[in-house]
Amino acid sequence: MRIGVFGGAFDPPHRGHVALAQAAVAQLGLDQLRVVPTGEPLHKRRTLTEAGHRLAMCELAFADVPQATVDAQEIERGGPSFTADTLEALQREHPGAQLCLLIGQDQAQTLQHWHRASDLARLAIIYVAARPASVGSNAAIDPIQTQKFALQWLHMPAMAQSATDIRHRVAHQQSIETLVTEPVARYIAHHHLYQTP
């Protein structure tokens with residue numbers, strides 16, 4: 001069994017996240033894709049939107065990816081979120097499964113600073129999806145780091161969506177209809193999320 005693990009704040013989940021999920025399922029032959037919203041991230045400078053809202057938006061955003069399941073374990077665990085702990089929990093749940101960790105190129109550049117970074121390549125194959133600014137410039141990641149973590153590349157068109165931009169647009173009454181799925185846009189409007197800058 002091959003299980004993809006796609007973590008993030010998902011504040012909110014956008015079309016770029018969905019495209020990455022679809023590309024990973026298709027290219028990696030995933031039997032399951034676990035979408036794992038962050039509990040308490042150590043690296044975020046701002047307070048995340050309440051976990052219940054982020055979970056609900058993920059359920060809506062990834063509903064059309066049949067292999068995707070929203071996994072609340074990092075939120076339910078409490079305390080800081082660490083990817084290594086999540087991967088170990090999935091290994092215990094599915095002994096013998098091949099885990100595939102999906103990250104963006106921005107995350108890959110800081111991988112050596114992650115909690116228990118040396119365990120990550122042992123626990124999962126790490127696949128990196130390029131961000132728009134890095135199209136054609138995979139050299140932005142240190143080749144030594146690429147070798148150390150045995151990084152693999154996920155081939156997908158670079159998507160320009162950014163959760164930061166979406167929150168900014170909502171706060172300034174600008175349209176987000178091309179950036180998030182329609183159910184997510186409805187949810188954001190209904191719950192009055194992101195309305196203050």
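How many of the residues in segment 79-106 are in contact with a strand residue (DSSP E or B) (Cβ under 8 Å, 6 or more places away or on another chain) and either of a type in the set (S, T, N, Q) or outside any helix (DSSP H, G or I) (or both)?
The number of residues fulfilling the criteria is 16.
So which residues in segment 83-98 are more than 16 Å from residue 35 (Cα to Cα) and without any contact (Cβ under 8 Å) to a residue 24 or more places away in the chain?
Hits for segment 83-98 are 92, 95.
Could you grab me the full set of residues in segment 151-197 that are more than 18 Å from residue 17 (Cα to Cα), small (Gly, Ala, Ser) and assigned to a helix (DSSP H, G or I)?
Of everything in segment 151-197, those that are more than 18 Å from residue 17 (Cα to Cα), small (Gly, Ala, Ser) and assigned to a helix (DSSP H, G or I) turn out to be 171, 189.
Tell me which residues, restricted to segment 161-176, are under 13 Å from residue 13 (Cα atoms), surrounded by fewer than 18 Cβ atoms within 10 Å (Cβ to Cβ) and touching a helix residue (DSSP H, G or I) at 6+ places or on another chain (Cβ under 9 Å).
Here is the first cut: in segment 161-176, the residues under 13 Å from residue 13 (Cα atoms) are 161-167, 176.
Narrowing further to those that are surrounded by fewer than 18 Cβ atoms within 10 Å (Cβ to Cβ): 162, 164-165.
If the condition is that a residue be under 13 Å from residue 13 (Cα atoms), surrounded by fewer than 18 Cβ atoms within 10 Å (Cβ to Cβ) and touching a helix residue (DSSP H, G or I) at 6+ places or on another chain (Cβ under 9 Å), then 162 is the only one that fits.
Take the conditions in contact (Cβ under 8 Å) with a residue 40 or more places away in the chain, of a type outside the set (Asp, Glu), surrounded by 14 or more Cβ atoms within 10 Å (Cβ to Cβ) and within 19 Å of residue 159 (Cβ to Cβ) and apply them to residue 102. Does it pass?
Working: in contact (Cβ under 8 Å) with a residue 40 or more places away in the chain: yes; of a type outside the set (Asp, Glu): yes; surrounded by 14 or more Cβ atoms within 10 Å (Cβ to Cβ): yes; within 19 Å of residue 159 (Cβ to Cβ): yes.
Against the criterion (in contact (Cβ under 8 Å) with a residue 40 or more places away in the chain, of a type outside the set (Asp, Glu), surrounded by 14 or more Cβ atoms within 10 Å (Cβ to Cβ) and within 19 Å of residue 159 (Cβ to Cβ)), residue 102 qualifies.
Please count how many residues of segment 26-84 are touching a Lys or Arg at 6+ places or on another chain (Cβ under 7 Å), among the charged types (D, E, K, R) and surrounded by fewer than 21 Cβ atoms within 10 Å (Cβ to Cβ).
Number satisfying all stated conditions: 1.
Answer yes or no: is there a residue in segment 137-144 that is surrounded by 13 or more Cβ atoms within 10 Å (Cβ to Cβ), outside any loop (DSSP other than H, G, I, E, B) and either modelled with pLDDT under 85 or of a type in the set (Val, Ile, Thr) (or both). Give the steps one after another, and end with the answer.
Looking only at segment 137-144, we keep the residues that are surrounded by 13 or more Cβ atoms within 10 Å (Cβ to Cβ), and these are 138, 140-142.
Narrowing the set further to residues that are outside any loop (DSSP other than H, G, I, E, B) leaves 138, 140.
Of the ones still in play, those that are also either modelled with pLDDT under 85 or of a type in the set (Val, Ile, Thr) (or both) are 138, 140.
For segment 137-144, residues surrounded by 13 or more Cβ atoms within 10 Å (Cβ to Cβ), outside any loop (DSSP other than H, G, I, E, B) and either modelled with pLDDT under 85 or of a type in the set (Val, Ile, Thr) (or both): present.
Looking only at residues that are in a strand (DSSP E or B) and closer than 23 Å to residue 185 by Cα in segment 5-32, which one is modelled with the lowest pLDDT?
Here is the first cut: in segment 5-32, the ones in a strand (DSSP E or B) are 5-8, 32.
With closer than 23 Å to residue 185 by Cα added as a condition, the list becomes 6-8.
Numbers: 6: 98, 7: 96, 8: 93.
So the residue we want is 8.
The values are calculated or read from the model by the stated rules, or taken from the named source; none is laboratory data. Source: prediction; values computed, not measured. Methodologically, a virtual Cβ is constructed for each residue, glycine included, from the backbone with ideal geometry; neighbour enumeration extends over all protein chains shown.
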